[in-house]
Amino acid sequence: MIDRRSFTKAVGVAVATASLTGPQGVAGAAPASGPAPVVPDTAPGTHTSFPTLKQVTAGVLDVGYAELGPADGPVALLLHGWPYDIHSYVDAAPLLADLGYRVLVPYLRGHGTTRFLSPRTPRNGQQAAIAHDIIAFMDALRIDRAVVAGFDWGARTGAIMAALWPERVKALVSVGGYIITDREAQMRPLAPGAERTWWYQFYFATERGKAAMEDRTHRRDLTRFVWQTVSPTWHFDDATFDRTAAAFDNPDYAAVVIHNYRWRLSIVEGEHHYDHDEHLLARKPTIAVPTVTMDPVLDPFTATPTDGSTYRAMFTGPYDHRTLTDVGHNLPQEAPTRFAQAVVDADHL
């Protein structure tokens, strides 16, 4: 195991070990005990906003985030994907807060109120950079360990954290299973139907796609179309989309998104100080923390078969899998109760 703290210090992300054990104790370390509570059923769309939005300086970012629940509760860290934002958890977060969790939902880099501290920092969307952002976010809030849950970019980030910093991840919920990006595999063609599903990744490889993301009207039309195609039975209204689309007006949104997808295809490179992490991730490290994986069947990106067998060997610790036959890509917002239950159950594995 490499010395993660020395490495993060070398790349400029402060890991203040002493701050995690001050007079208030170690944040986020309370163990789950007894049987997992049953999460009350809540209809999607019950909530439309978060009661508290905050900002914190963390690493290279000023991170915007929502916070719910008791300040001394066990921490549940919920990470959104693309093209979404913190509102993917607008119903799931209150369910967890009501059960005593301190729920934190940060805007990822390039989204919402999260801003880069320096104009000189590359607007880098590679997977290791985003994972370092979240570790820095935990450090800034003096959180030692958290249950980490996410989908899409958020699931990838949570899996990377669990693989490289397992001491920081109490348990993991990963929609789609093991989705750490394998750039070598990305160079190999898929079946035509699968390639069609990834149409926007190839679009973003072009200057035309980049121009579309930089134009507000085209960006909104494109992201809304993605919502419709990857969650075919989720009948969201204009207000629901508009609340999330406001996060896409971040001045760095287009640059981060375009870099993310171009980096996956090896069209552009990342920052060299993340090379060591990316080499580790290229080895496909297994994940030993307690994990619940979830496969939404209506999501065109869900691997088949949908029983988790394609990635089961990558999770070596306590484990459970759920298949949701009636849900698409944005699982937390489409099925908030079942997502929140997975978080609670992972915490009790």
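Mind checking which residues of the range 43-63 are closer than 19 Å to Ala340 by Cα and modelled with pLDDT of 95 or more? Correct list: Ala43, Pro44, Gly45, Thr46, His47, Thr48, Ser49, Phe50.
Which condition number in (1) touching a strand residue (DSSP E or B) at 6+ places or on another chain (Cβ under 7 Å); (2) in contact (Cβ under 8 Å) with a residue 40 or more places away in the chain is the one that Thr46 fails? Tallying (1) touching a strand residue (DSSP E or B) at 6+ places or on another chain (Cβ under 7 Å); (2) in contact (Cβ under 8 Å) with a residue 40 or more places away in the chain, Thr46 fails exactly one: (1).
Selection over the range 255-292 of residues that are open to solvent by 40 Å² or more (accessible area, probe 1.4 Å), under 20 Å from the mean Cα position of the chain (by Cα) and over 22 Å from Val173 (Cβ atoms) gives a count of 2. So is Phe236 modelled with pLDDT of 95 or more, under 28 Å from Asp295 (Cα atoms) and crowded, with 20+ Cβ neighbours inside 10 Å or not? Here the answer is no, as Phe236 does not meet what is asked.
Evaluated against (1) open to solvent by 10 Å² or more (accessible area, probe 1.4 Å); (2) under 17 Å from Ala346 (Cα atoms); (3) not small (Gly, Ala, Ser), Met161 falls short on exactly one condition, (1). Restricting the search to the range 169-224, which residues are among the hydrophobic types (A, V, I, L, M, F, W, C) and in contact with an Asp or Glu (Cβ under 9 Å, 6 or more places away or on another chain)? Hits for the range 169-224 are Ala171, Val173, Val175, Ile179, Phe202, Ala212. Restricting attention to the range 264-299, the residues that are part of a loop (DSSP other than H, G, I, E, B) and either more than 26 Å from Glu207 (Cα to Cα) or β-branched (Val, Ile, Thr) (or both) total 12. Give me the residue from the range 299-314 that is among the hydrophobic types (A, V, I, L, M, F, W, C) and open to solvent by less than 60 Å² (accessible area, probe 1.4 Å) and, out of that set, farthest from Leu190 (Cα to Cα). Filtering the range 299-314 for residues that are among the hydrophobic types (A, V, I, L, M, F, W, C) and open to solvent by less than 60 Å² (accessible area, probe 1.4 Å), the one farthest from Leu190 (Cα to Cα) comes out as Met314.
Please count how many residues of the range 76-99 are open to solvent by 10 Å² or more (accessible area, probe 1.4 Å) and either outside any helix (DSSP H, G or I) or touching a Lys or Arg at 6+ places or on another chain (Cβ under 7 Å) (or both). Count: 2.
The values are calculated or read from the model by the stated rules, or taken from the named source; none is laboratory data. Please read all numbers here as calculations on a predicted model, not as lab measurements. With ideal geometry, Cβ positions are generated from the backbone for all residues, glycine too; neighbour counts draw on all protein chains shown. Areas reflect the complete protein model, heavy atoms only, side chains present, ligands, DNA and RNA absent. Shrake-Rupley method; radii C 1.70, N 1.55, O 1.52, S 1.80 Å.
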